[in-house]
Protein chains: 4
Amino acid sequence: MSTRLIDCLAATKALSEIFSDRHILQTMLNFETALARAEAHVGVIPVAAASAIAQAAAAQDFDMDELVEASLRAGTPAIPTVQMLRAAVHIQNAEAASVVHWGATSQDIVDTVLIELLLECRQVLEKDHRRLALALERISEEHANTVMLGRTLLQPAQPITFGLKAAGWLAALRRGWTRVGSRFTESAYLQFGGASGTLAALGDRGIRVSEALAAELNLKCPDAPWHAHRDRLAALLAALSIYTGSLGKMALDIALLMQHEVGEAAEPGGNGRGGSSSMPHKRNPTACMLAIAAAKRAPGLLSNFLAGILQEHERGVGGWQSEWTTVQGIVQAAGVALESMLEVAEGLTVDAARMRSNFEATSQESPDFLGSAEIFRRRLLEKKD
Amino acid sequence: MSTRLIDCLAATKALSEIFSDRHILQTMLNFETALARAEAHVGVIPVAAASAIAQAAAAQDFDMDELVEASLRAGTPAIPTVQMLRAAVHIQNAEAASVVHWGATSQDIVDTVLIELLLECRQVLEKDHRRLALALERISEEHANTVMLGRTLLQPAQPITFGLKAAGWLAALRRGWTRVGSRFTESAYLQFGGASGTLAALGDRGIRVSEALAAELNLKCPDAPWHAHRDRLAALLAALSIYTGSLGKMALDIALLMQHEVGEAAEPGGNGRGGSSSMPHKRNPTACMLAIAAAKRAPGLLSNFLAGILQEHERGVGGWQSEWTTVQGIVQAAGVALESMLEVAEGLTVDAARMRSNFEATSQESPDFLGSAEIFRRRLLEKKD
Amino acid sequence: MSTRLIDCLAATKALSEIFSDRHILQTMLNFETALARAEAHVGVIPVAAASAIAQAAAAQDFDMDELVEASLRAGTPAIPTVQMLRAAVHIQNAEAASVVHWGATSQDIVDTVLIELLLECRQVLEKDHRRLALALERISEEHANTVMLGRTLLQPAQPITFGLKAAGWLAALRRGWTRVGSRFTESAYLQFGGASGTLAALGDRGIRVSEALAAELNLKCPDAPWHAHRDRLAALLAALSIYTGSLGKMALDIALLMQHEVGEAAEPGGNGRGGSSSMPHKRNPTACMLAIAAAKRAPGLLSNFLAGILQEHERGVGGWQSEWTTVQGIVQAAGVALESMLEVAEGLTVDAARMRSNFEATSQESPDFLGSAEIFRRRLLEKKD
Amino acid sequence: MSTRLIDCLAATKALSEIFSDRHILQTMLNFETALARAEAHVGVIPVAAASAIAQAAAAQDFDMDELVEASLRAGTPAIPTVQMLRAAVHIQNAEAASVVHWGATSQDIVDTVLIELLLECRQVLEKDHRRLALALERISEEHANTVMLGRTLLQPAQPITFGLKAAGWLAALRRGWTRVGSRFTESAYLQFGGASGTLAALGDRGIRVSEALAAELNLKCPDAPWHAHRDRLAALLAALSIYTGSLGKMALDIALLMQHEVGEAAEPGGNGRGGSSSMPHKRNPTACMLAIAAAKRAPGLLSNFLAGILQEHERGVGGWQSEWTTVQGIVQAAGVALESMLEVAEGLTVDAARMRSNFEATSQESPDFLGSAEIFRRRLLEKKD
């Protein structure tokens, strides 16, 4: 299992596999293979060297414990990965060994791999988002006429419909995902600049290698390396954090509706969910709780990332190297919140009678007093941005 | 002066005027006037009532101390503002007094006013951003061939040009401002929903009043009220925080270049800037320091905002009401950082000879060994997104 | 009024007076007076010069707008304050003017004044804390036998007593205040080091001046200046943030108990509190909301302060200068939360019958099934640390 | 290896072992064993049942993948751990299986285990702290007379000694560790309260079981369970974050001194440290960088923890469950920073001649102009708090 027990409430299985040791190492090795191929293509290194590198670049042959330990000493996983790959290549082809990682710097591989991992995460998240949007749309339509209390500052206000409430969640999540999506696209760049970001070691062939490498990895080739400019990544992480916040808002609403004294909705439970170790009869808002917890982790992680973007000169001393664990934490927060709320939305129980009776208990005006609720609901559903 | 002494390093004069007591109060009163006009236009209230309201809505007639104190008691500045306005209207026209704020809720005015203040701030920031971009473009062109050390982890790496370094700052700031601009546009919505966000008090005329009010205020009319969905605001504040971070990165680079032992660049100083109370001969990187300080404040403020977006039901109990001071802090951080770095960029002294000699002192390869530096520089300048 | 409208929900009147422009300026001027007296006492400057300085050091004679504006340019309020004071002294005594601020650096005055302001805040907070503790003790005793639902994950659990719940709040607040108090005491140090923190300008009389100055200001004299070591301040602000968090927890509990569907407790309201601009009959948990909002602001402010403690060499470039506004924000958060919850505790309405009926509605075991609740309650009350 | 590759720069080996899956699970199982023994001791369950539980409580027999997966579903690792333990016990003794976890709730085990893990971390950290303090004391004594530039805002100021600078680091770290130590002691409490924190299931024997359990686990027995009061933990984590910040300040100073243009000090390097994948000759401040990166992670993690302490009623819905991963991140940040700076301090190279020549290059006053530097240095060393 790629999730540690200490992180058991803070990671989904699907994302943990993307961030697993073997998968990250293989992605790093694939970068070196792609670099060698690109350089062979442009004529910087021999084609045979590229083949030898590709052949040796198999994660299962590497000693992971040694790699992790050496990474901390080196201050980057890139150095020991390259060293171990060189050693593996050397057995077959000494000349090829000497051109492993040619012209690249540690941050080239570390950043490019991070982008590739993030793009894999995008697939996982996007699939769940689409299902969640569908489920919320269905709920909203189904409860277009289900009258319930509006509640402000946790006090009864004028009536709304549950359909409007669900449409509000949906619209925020759609807007949120639109931002996330465009930030993923904005960030999908190769990192490749060499020691100082000038590709100096490649002379006048830097741009061509860069383009070939981007093509190999199916990434966009940036105007220039972006080692010390983390704004695109920051914007992506901010978008993910905000999206997670909108999931947390939906989760908090449902956890509040699930209160025994309110009893207007309930998450599905089942299959080990919702239980209590001391009171077996209890039905806890476990999935909502996981989403709330995730939404409480994202803000501080994002602030850590932002505090780190003041990076010194061409490569910072600390800000950059602090990123991997933080980025992973934010993506996992989004993942846990999303997976949890998808389950909630697809299995939500709504007690329309209780909604009505709670409303009536406040002795307010007529339940027909709904103003523009239905117009707002339909508008929110229609805009599928 | 609208800036308090305790905040003297954390606020610009121009933005402080936007956030000044009188200006905020007048903007609130203008909302009530616009609402009355919109409602008169649709026939909800008499035209004469709207005129009476408009006439009484003059900030200079209000007791500001009383308003501030009453706001804390009410938990919102809206309630005492409306009460004081009603009292003022009542003197002239008792019927008009009874329709002040008709159909609206506290958050309608508070949020709409916040959006309006933010859009005013946008003008101030945008003007400075454009000038800063021009200054950086000029610096980059002027120093296209100024060779200097690349520095990674604060250690000498291969050479770059100062033109490339400046182009890197510029490109990050342009990307940053593009995001800020689109988030301002995304956020430029009226808030108007009444007690529960359904405009119930306006019956079937809610949408028409809403549209008329948006037109009065020159804001977009949203699909639905967004009282408890703060994602658009969060995205704007995140964009501003990232932009501030990019300014902070530029400031940190320059402060490091200004070190006596490095001596490659210097901010302008003059007019009370750069001095020391104990060593009059000293030339401090004061403007850079202000920008760095601002960039260190934005992350935690943003995390506060994000932590607050988990808002309960139709109006949260704490998350929302915590926003004003936080939003203002983020905008001011951007403003101080921008104003400071504009001054730095427009008056920057560059010591190309020192750049050259610091490079040569590292006994590295030829200064012609610049790889694709110039290609990257030109590409970064060209993309004017 | 010292509180700005934009901060109206984020500041108490009592603390705003401490952080008011005039009061801060006078405290800065008092520092210069005390310094002059200490230096005269040790024989560094003439006694007449100290008298002239003391006479000119009157805040009401200073142009506050000019001071605030000049502070931003100088990057510190110390430089213009000293300049303006020198000018004022010069009119009477040119020689005295030349020894104003003798041997001191900007950070000496700025930090010492901050400590003095904080110690004034301590008095305000402490008085409220003591009253709050008394009120909670009374509530706990009164409701020692008031059975209510325990609630976990917002779901019904086994019964507790309201007395135990109140005792839990009280014990956390007492522990919290004990930490706050000891951190205030730990931080109550003079800052006095001159340009590099060696008191070089005072030759071999630095220590004696330092001790005389500390005595003048009624502060402890530290082992050494602490310009770049902010750990004591950080520890104080962390303690205040945690204390604010415990107030926020109490506020959230009560806001949840105030829900219409729960109805077990209510904050007092009255005098402009608890109202709604759209629904006059509504009784909002306004004071609890203010405390929750405050508790949501403290964490990010604290993280900003902590991110700033990585200060370069003998005086940082940004981290330090970012502090004033942040420190004030944290203290005000504590102040608003405390003042609000004091009002709540002193006027809390408890509906013991509703507590009982909500418990019974869950058809659980006997209300006598309270285990060690009363033992725990008594123990919590007894420990008055 | 217990550290994941994604976290390779953010975790030490020693602490990762404490937070490893097997070790955490065994600590959880030991809690259940200790609980059973305590309950057998008081006569709540048969002695034979306690023995059967103890026998089955072996982490190596548990399916870790299943446990992690089930924990996410249950929203806590406690429920599946107890279930799996029950199943294991049941094979030998069905009656014993039914009393596993008797009277306890999920949070009892999760919190107690967290405290136990933290106390193990304390040992690791304390050993390193003591060595670091010794190394800094030695450096300070050795360089009592090594004159160097004081630097403020990264500009040259009056001279100091390197001995004074090192004494400043040491004093901050000693104060920091004193706070950490007292917060560890303050937090070393058993958590044991059952479903609602009243130990209801144990009738009048709750206190006795509680005391026996605390004795079994060598923890203090609290006045009352503290499920929803996280202030003690928060205070510990704040102290650790501040201590990490002081390490980061030392690291930043040294990284700045290591700049090629400054060249006054250097961290040791060797054994894979300090290298570059693109420039083999380069000597990077790798250990300092790791410490700076760690100090940049702590603030946001702490703010997440603080934002989570507003916990609802007797057990929160999200705030609490978010803690494990956050707590671990803060402790690891402290651990990485400490281990790194210990290596730096024990192997630091100081170039006193360069310090002197950099000072002389500023053409300032005499290097004897050191004021009270040596007095301050000695005072800082003497106070061994």
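The values are calculated or read from the model by the stated rules, or taken from the named source; none is laboratory data. All of these numbers come straight from a predicted model, not from anything done at the bench. So basically every Cβ, Gly included, is an ideal-geometry build from the backbone, and we count neighbours across all protein chains shown. The protein model used for the area step is the full one, side chains on, heavy atoms only, and it has no ligands, DNA or RNA in it. Shrake-Rupley method; radii C 1.70, N 1.55, O 1.52, S 1.80 Å.
Applying 1/(1 + (r/R0)^6) with R0 = 45 Å to the Cβ-Cβ distance of A:Lys127 and A:Asp65 gives a FRET efficiency near 0.85. Excluding same-chain neighbours fewer than eight residues apart, the aspartates and glutamates reachable from D:Lys249 by a Cα-Cα span under 13 Å are C:Asp231, C:Glu312, C:Glu314.
Once the gyration tensor of the Cα atoms in the protein assembly as shown is diagonalised, the equivalent ellipsoid follows with semi-axes of 46, 40, 35 Å, ordered largest first. Normalised by the number of residues in chain D, the mean separation of alpha-carbon contacts (under 8 Å, six or more apart) gives a relative contact order of 20 percent. Working from label points 7 Å from Cα in the Cα-to-Cβ sense, the C:Phe369 to B:Ile91 distance is 6.6 nm. Over the protein assembly as shown, DSSP H runs of length four or greater, each weighted -39,500 (n - 2.57), average out per residue to a 222 nm ellipticity of -20500 deg cm²/dmol. Taking θ as phi - 60° and the Karplus parameters 6.51, -1.76 and 1.60, the scalar couplings of region D:317-332 work out to 10, x, x, 5, 5, 8, 6, 3, 5, 5, 4, 4, x, 5, 4, 5 Hz in sequence order, x denoting glycine and proline. So which residues of region A:9-24 lose at least 10 Å² of accessible area, probe 1.4 Å, when you go from the chain by itself to every protein chain present? SASA drop of 10 Å² or more in region A:9-24: A:Leu9, A:Ala10, A:Ala11, A:Lys13, A:Phe19, A:Asp21, A:Ile24.
The interface between chain C and chain B buries about 6100 Å² of solvent-accessible area in total (1.4 Å probe, ligands and nucleic acids excluded). Each residue was assigned an accessible area with a 1.4 Å probe, and for D:Lys13 the value is about 90 Å². To one decimal in nm, how far is A:Arg138 from the same spot in the other copies, if labels go 7 Å from Cα toward Cβ? Please give the shortest first. Spacings between copies for this position, smallest first, are 5.6, 6.2, 6.9 nm. In plain terms, the bigger the Kirkwood radius, the slower the diffusion; for region C:1-54, with that radius from Cα pairs, at 10 °C and 1.306 mPa s, Stokes-Einstein puts D at 123 µm²/s.
Axis of helix C:286-307 versus longest Cα principal axis of chain C: the two differ by about 50°, to the nearest ten degrees. Ranked from shortest, the separations from the 7 Å Cα-to-Cβ label point of B:Ala94 to its equivalents in the other copies are 7.3, 8.4, 10.7 nm.
For region D:18-148, the alpha carbon positions stretch 75, 35, 23 Å along the principal axes, listed from largest to smallest.
Here the Karplus curve 6.51 cos²θ - 1.76 cosθ + 1.60, taken at θ = phi - 60°, turns the phi angles of region A:349-363 into couplings of 9, 10, 9, 5, 5, 5, 4, 4, 5, 4, 5, 5, 5, 8, 6 Hz, with x standing for Gly and Pro. Charging the Cβ of each Asp and Glu at -1 and of each Lys and Arg at +1, and nothing else, the dipole of the protein assembly as shown about its Cα centre rounds to 0 debye.
Residues whose amide H falls under 5 Å from that of C:Thr161, counting only those 5 or more places apart or on a different chain, are C:Met148, with hydrogens built in the peptide plane. What the protein assembly as shown shows is 28 Å² of accessible area per residue, with the surface traced by a 1.4 Å probe over protein heavy atoms. Summary of the geometry: region A:128-153 and region A:1-48, compared by the centres of their Cα atoms, lie 39 Å apart.
Note on chain B: the C-alpha convex hull projects to 21.7 nm² when averaged across all orientations. Ligands, DNA and RNA left out, the accessible area of chain D computed with a 1.4 Å probe is 50% carbon and sulfur.
What do you get for the angle between helix A:21-42 and the principal long axis of chain A? Use alpha-carbon atoms, 0 to 90 degrees, nearest ten. Value to nearest ten degrees: 50. Region C:249-304 gives an Rg/Rh value of 1.06, both radii derived from C-alpha positions and Rh following Kirkwood. Can you list the residues of region B:62-91 with backbone N under 11 Å from a point 7 Å past the Cα of B:Gln55, pointing along Cα to Cβ? Within reach of a label on B:Gln55: B:89-91.
A Cβ-based charge dipole, computed about the Cα centre of region D:16-111 with Lys and Arg at +1 and Asp and Glu at -1, lands at about 240 debye. For A:Arg283, no residue has an amide H sitting under 5 Å from its own, ignoring neighbours fewer than 5 places away on the same chain, with H placed 1.01 Å from N. Each of A:Val124, A:Leu25, A:Leu170 was placed along the dipole of chain A (beta-carbon charges, centred on the mean Cα), and the one lying farthest toward the positive end is A:Leu170.
Between this copy and the others, label points of B:Arg379 are 4.4, 5.8, 6.7 nm apart in ascending order, each placed 7 angstrom from Cα in the Cβ direction. Between 0 and 90 degrees, the angle of helix B:78-92 with respect to the longest Cα principal axis of chain B falls at about 50 degrees. Straight-line cross-link reach from A:Lys220 at under 13 Å between alpha-carbon atoms covers these aspartates and glutamates, not counting any fewer than eight positions away in the same chain: A:Glu116, A:Glu186, A:Glu211. Using only Cα atoms, locate the centre of region C:338-385 and the centre of region A:173-191, then give the distance between them in Å, rounded to an integer. Between the Cα centre of region C:338-385 and that of region A:173-191, the gap is 49 Å.
Projected onto their three principal axes, the Cα atoms of region C:107-227 cover extents of 70, 27, 19 Å, largest first. So how far, in whole Å, is the C-alpha centre of region A:53-94 from the one of region A:280-312? One Cα centre to the other: 34 Å.
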